[in-house]
Amino acid sequence: ISIKNIHPLTENQRKVFDAYDEGDHLVLSGSAGSGKSFLAMYLGLRELIKTTNSCYNKIIIIRSAVPSRDVGFVPGTLEEKSKIYQDPYKQIVNELSGRGDSWHFLINKEIIEFQTTSFLRGLTFSDCIIIFDEFQSATFHEIDTVLTRVGENCRFILCGDFNQNDLNNKKEKTGFSDVISILEKINHVTHIKFCIDDIVRSGFVKEYLTIKEKLKL
């Protein structure tokens, strides 16, 4: 499998490339449609597929178990339910490779692994790139669990948008701000904040979110 060469489209996207190339962990936050998940997946795949003798052997994608709890009445095991949340990454992988079977190939080769936050206790991640996506929809406990799984020779990339929080239970509060306040005090963690000007998904999304922000909705 080969992947396309991707180049940054905005100044903040360039900062993501630079920080990754300098060896930093990344926190990518801000506007929907600014390419956070896409860049995280691209950099991970570039590392594993394009880099000779990469020190990493897999990408682990993690999502909060919250959406899986929301579909509790959907038939199937938690693993079967969680497959629907793999679709964005499947789309990205297949787009980058230009092949419709790339996601399944990389999953079967254990180059990509998908996890929810439900079953991480006791695990240690080593020699891998961890992408924790939509982390704004995770509690502090969930994010803390992921970050304390980080073992030797690991790189993590957190992606999230505080304005798209799926936590609607009053007993559950996002850990987004608290975790960022910790990570910003740690060396070799770069936090890049995307804004409206970074939106690359489409002109419509950029205009929609610009007006939404002006109306304070």
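General observations
- Close pairs from the stretch 44-57: first touching a residue at least 24 places away in the same chain (Cβ under 8 Å) and closer than 20 Å to ASP24 by Cβ, partner of a type in the set (S, T, N, Q) and loosely packed, with under 13 Cβ neighbours inside 10 Å, Cβ under 8 Å, at least 6 apart: CYS55/ASN153; TYR56/ASN153
- Of residues in the stretch 19-55 being in a helix (DSSP H, G or I) and open to solvent by 60 Å² or more (accessible area, probe 1.4 Å), the one nearest to PHE135 (Cα to Cα): ASP21
The values are calculated or read from the model by the stated rules, or taken from the named source; none is laboratory data. Given the structure is predicted, the values throughout are model-derived calculations rather than measurements. So basically every Cβ, Gly included, is an ideal-geometry build from the backbone, and we count neighbours across all protein chains shown. Keep in mind that these areas ignore ligands, DNA and RNA; they rest on the heavy atoms of the full protein, side chains included. Shrake-Rupley method; radii C 1.70, N 1.55, O 1.52, S 1.80 Å.
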